[in-house]
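The values are calculated or read from the model by the stated rules, or taken from the named source; none is laboratory data. This structure is a prediction, so every number in the text was calculated from the model and none was measured. In this analysis, Cβ positions are derived from the backbone assuming ideal geometry, glycine residues included, and neighbour counts consider all displayed protein chains.
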Amino acid sequence: MRKVLAVLVATAFLGATGGHALADCSADIAKVEPMVMKVSDATKKTKAEKQITAAKDAAKKKDEKGCMGYLATAKKTAGIK
């Protein structure tokens with residue numbers, strides 16, 4: 001009985017954290033994208049937009065780690081903290 005309960009709790013925890021991470025990435029995309037659009041350097045802006053597009057694709061594939069990585073690169077490229 002204890003093993004079954006432990007497995008159920010672990011499964012519920014992992015399911016909750018996995019979905020939450022993806023939701024955070026999608027929310028972060030919505031926050032970062034307008035900031036990137038305000039970047040005046042055309043080269044930086046174009047590179048950051050490509051990273052945001054890649055982040056959106058990763059979010060669609062439910063790859064939260066990849067999504068967050070692309071977003072971090074976009075922010076760094078655009079000079080956003």
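Summary table
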read-out: Selected residue (only one of 57, 28 is charged (D, E, K, R), modelled with pLDDT of 95 or more and part of a helix (DSSP H, G or I)); value: 57
read-out: Qualifying positions in the range 36-53 - surrounded by 12 or more Cβ atoms within 10 Å (Cβ to Cβ), aliphatic (A, V, I, L, M) and more than 17 Å from residue 69 (Cα to Cα); value: 37, 39
